[in-house]
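Scroll down for the structure; my scribbles are underneath it.
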């Protein structure tokens, strides 16, 4: 990715944001990627102040990467991030306690007065214990499993044993995304409802009969991500749309509020092609590159 100066970055912000904006229907990134997105100082007046962001816990790595890269452009701007869940991120934007809300789902029809801009895509991986024999599940099988129609692993090619459903808490963007895509909204028979992506992964790792879901960017080698309909959850399959269980990472802004100069600059940076490598390093799929 080409290097940019602060002057050239600021000159392309408006165009990049316009190209990136898609209104919704309603660990840290590497220093190498951050450095490649940063620029040398110029005579342009430096920005300062705070930018309050918050919401989706699944966007933690993406925000960390974007913050690191932006800090090399605007070192006097502080980006705060409060991981409170997508619902709280949208509410925080509505009540003006946040400059930019973070949501890992599209806006709902009744979430009015705000605009969502997609900055990245995320595959929701379906995870099982590493010892499980199950390698592939269909969306229909997932629906039957999470609603209690299928209760034993032997019904989907696994060993005999009662399926243990692990999910996120109500209000989680990951949960909302999964349940909407699989068409199991408000009908899941969870054994555990956990408050963080890492907790879901740990629970599945610890239980050979468990199944759960988590952001692609958070999956390591402690659990196994099964294919869905024969398609692996990867950057390529998320971007080309062949992997079915995916969702957007959205920046939410209040329609009645003009962003501060520093908040607008961060927004424009995140939506520009110059942030693509940072987003990819964080494990998500950039929409602009």
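The values are calculated or read from the model by the stated rules, or taken from the named source; none is laboratory data. Since this is a predicted model, take the numbers as computed values, not measurements. Don't worry about glycine lacking a Cβ; one is built from the backbone with ideal geometry, like all the others, and counts go over all protein chains shown.
Results, tabulated for the structure shown:
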| read-out | value |
| --- | --- |
| Positions within segment 225-248 being touching a helix residue (DSSP H, G or I) at 6+ places or on another chain (Cβ under 6 Å) and either assigned to a loop (DSSP other than H, G, I, E, B) or closer than 22 Å to residue 117 by Cα (or both), in sequence order | 233, 243, 244, 245, 246, 247 |
| Filter pass, residue 165 being over 18 Å from residue 247 (Cβ atoms) and part of a strand (DSSP E or B) | yes |
| Test result for residue 63, crowded, with 22+ Cβ neighbours inside 10 Å, in the same structural domain as residue 211 (by TED's automatic domain parsing) and modelled with pLDDT of 95 or more | no |
| Tally of residues being more than 17 Å from the chain's Cα centre (by Cα) and under 16 Å from residue 271 (Cβ atoms) across segment 64-92 | 5 |
| Residue tally, condition over 28 Å from residue 179 (Cα atoms), under 18 Å from the mean Cα position of the chain (by Cα) and not in a helix (DSSP H, G or I), over segment 249-289 | 2 |
| Those residues of segment 86-109 which are in contact with a helix residue (DSSP H, G or I) (Cβ under 9 Å, 6 or more places away or on another chain) and not in a loop (DSSP other than H, G, I, E, B), in sequence order | 86, 87, 89, 100, 101, 102, 103 |
| Filtered residue count, segment 275-284, keeping only those that are buried (at least 24 other Cβ atoms within 10 Å of the Cβ) and either touching a strand residue (DSSP E or B) at 6+ places or on another chain (Cβ under 7 Å) or at pLDDT 95 or above (or both) | 4 |
| Count - residues of segment 228-258 that are within 13 Å of residue 285 (Cβ to Cβ) and in contact with a strand residue (DSSP E or B) (Cβ under 9 Å, 6 or more places away or on another chain) | 13 |
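Here's the yes/no breakdown for (1) modelled with pLDDT of 95 or more; (2) buried (at least 20 other Cβ atoms within 10 Å of the Cβ); (3) part of a strand (DSSP E or B):
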site: 149; (1), (2), (3): yes, no, no
site: 177; (1), (2), (3): no, yes, no
site: 193; (1), (2), (3): yes, no, yes
site: 200; (1), (2), (3): yes, yes, no
site: 204; (1), (2), (3): yes, yes, no
site: 211; (1), (2), (3): yes, yes, yes
site: 217; (1), (2), (3): no, yes, no
site: 220; (1), (2), (3): no, no, no
